[in-house]
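The values are calculated or read from the model by the stated rules, or taken from the named source; none is laboratory data. Keep in mind that this is a model prediction, so the values were computed, not measured. Cβ sites come from the backbone with ideal geometry, for glycine too, and all protein chains shown count toward neighbours. Please note that ligands, DNA and RNA were not included when accessible areas were found on the heavy atoms of the full protein model with its side chains. Shrake-Rupley method; radii C 1.70, N 1.55, O 1.52, S 1.80 Å.
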Amino acid sequence: MADVNDFMKNVAPEDGELPEWATVTFDTSTPSIARVYDAFLNGKDNFAVDRQVAQAILEVVPESARLAQDNRAWIGRVVTWLVGEAGIRQIIDLGSGLPASSNVHDYAQRIAPDTRVAYVDNDPIVLAHGRAMLDVNSRTTVITADVRDLDDVFDNDDLRALIDLDQPFAILLASVLHHFPDGQDRAVARMLRERMSPGSYLAVANVADPGTDDRVEKLVSAARANGMDTGFWRPYPQHRMYFGDLDLVPPGLCPVNEWKPDEDTPTESPVHHLYLGGVGYYGG
Ligand SMILES: C[S@@+](CC[C@H](N)C(=O)[O-])C[C@H]1O[C@@H](n2cnc3c(N)ncnc32)[C@H](O)[C@@H]1O
């Protein structure tokens, strides 16, 4: 087990007691979703067991590293659009993951510094590491909660202090639903839609199975053989259900690199059809 107190040596006051979140220990014997994803992004907040999963997957499909990169770039474009074009000033990033090179508040506050961002994840390592890089000003916060228990998320005092749920907000749900089994994915999406106030947006992206790509089976087999029991690749109609009756913002639900691409978006990604994303709008 690694102890977060090692990590805290550099940031905790010498004579002060560590806060509760800083006393968490991490299970380093089984891979965690957040840490494996971090390994895919060449992050440093992962352990050998996590890197083993990433390496096994990259061995069978080397270009799959692009999946995480394309997804992160999509998040950047979505947030830029939500804040810059749609006028959104409140964002709830569900299953936010470990800090990356550019985070949601970086994109948002670059355009509108008053944008408030609540990061939510159920892995305590995200809170521990996120305090330093995500909870950086009075307009950001990081909380630990499970998105399958939305009362836990939406009744959280820190989130409520930052986000006015009666005003429009955006929910980001990137690479989270594909970790939930069939049925639970749709249920979470539906319950989230029911929480949206008029003028709000729901942005969702997940790995996808186009039905014609034999790399999907290789990716799943490598993950399962190395201790990752989640990561479900689903066909387009299942992704479409996440948006229910919401209006899909053009260009709709599509491969992430086709969603409002900018000059940096690769049009020839080798994993182009393996990641779908879209943004839904609730007019009220
Ligand atoms: C693949 S990472 C995606 C991170 C980020 N959203 C992105 O797309 O770059 C999935 C994240 O969802 C989190 N997660 C998985 N199940 C969750 C749950 N039930 N509640 C909250 N977070 C969850 C994991 O801990 C992980 O950090």
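Inside region 95-109, can you point out the residues that are surrounded by fewer than 22 Cβ atoms within 10 Å (Cβ to Cβ) and near the ligand (Cβ under 7 Å from one of its atoms)?
Scanning region 95-109 gives a single hit, 100.
Only residues in region 109-133 that are closer than 16 Å to residue 172 by Cβ and touching a residue at least 60 places away in the same chain (Cβ under 8 Å) count as the first member; pair them with residues that are within 10 Å of the ligand (Cβ to nearest atom) and aliphatic (A, V, I, L, M), Cβ under 6 angstrom, at least 6 apart or cross-chain, and list the lot.
As it stands, the answer is 126/34; 126/98, since those pairs meet every condition given.
Of the residues that sit in region 161-185 and are assigned to a strand (DSSP E or B) and closer than 18 Å to residue 236 by Cβ, which one is farthest from the ligand (Cβ to nearest atom)?
Filtering region 161-185 for residues that are assigned to a strand (DSSP E or B) and closer than 18 Å to residue 236 by Cβ, the one farthest from the ligand (Cβ to nearest atom) comes out as 173.
Can you tell me how many residues within region 232-251 are at positive phi and buried (at least 19 other Cβ atoms within 10 Å of the Cβ)?
The first filter runs over region 232-251 and keeps only residues at positive phi, leaving 244.
From what is left, the residues that are buried (at least 19 other Cβ atoms within 10 Å of the Cβ) are none.
Final tally of qualifying residues: 0.
Results for (1) within 20 Å of the chain's Cα centre (by Cα); (2) of a type in the set (Asp, Glu); (3) under 23 Å from residue 199 (Cβ atoms); (4) outside any helix (DSSP H, G or I), shown as yes or no for each residue.
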residue: 213; (1), (2), (3), (4): no, yes, no, yes
residue: 218; (1), (2), (3), (4): no, no, no, no
residue: 221; (1), (2), (3), (4): no, no, no, no
residue: 257; (1), (2), (3), (4): yes, no, no, no
residue: 267; (1), (2), (3), (4): no, no, no, yes
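Taking region 110-125, which residues are open to solvent by 30 Å² or more (accessible area, probe 1.4 Å) and either within 9 Å of the ligand (Cβ to nearest atom) or within 13 Å of the chain's Cα centre (by Cα) (or both)?
Step one: list which residues in region 110-125 are open to solvent by 30 Å² or more (accessible area, probe 1.4 Å), which gives 110-111, 113-114, 116, 122, 124.
Hit for region 110-125 is 122, nothing else.
On the basis of being away from the ligand (no atom under 12 Å from the Cβ) and touching an Asp or Glu at 6+ places or on another chain (Cβ under 7 Å), does residue 141 make the cut?
Values: away from the ligand (no atom under 12 Å from the Cβ): yes; touching an Asp or Glu at 6+ places or on another chain (Cβ under 7 Å): yes.
For residue 141, the condition - away from the ligand (no atom under 12 Å from the Cβ) and touching an Asp or Glu at 6+ places or on another chain (Cβ under 7 Å) - is met.
Just to be sure I understand, how many residues within region 150-190 are over 18 Å from residue 202 (Cβ atoms), out of contact with any helix residue (DSSP H, G or I) (no Cβ under 9 Å at 6 or more places or on another chain) and either surrounded by fewer than 18 Cβ atoms within 10 Å (Cβ to Cβ) or hydrophobic (A, V, I, L, M, F, W, C) (or both)? Explain how you work it out, then say what you get.
Pass one, region 150-190, residues over 18 Å from residue 202 (Cβ atoms): 151-152, 155-158, 160-162, 181-183.
Going one step further and asking which of them are out of contact with any helix residue (DSSP H, G or I) (no Cβ under 9 Å at 6 or more places or on another chain), we end up with 151-152, 155-158, 161-162, 181, 183.
Those still in the list that are either surrounded by fewer than 18 Cβ atoms within 10 Å (Cβ to Cβ) or hydrophobic (A, V, I, L, M, F, W, C) (or both) too: 151-152, 155, 157-158, 161-162, 181, 183.
Residues that pass the stated criteria total 9.
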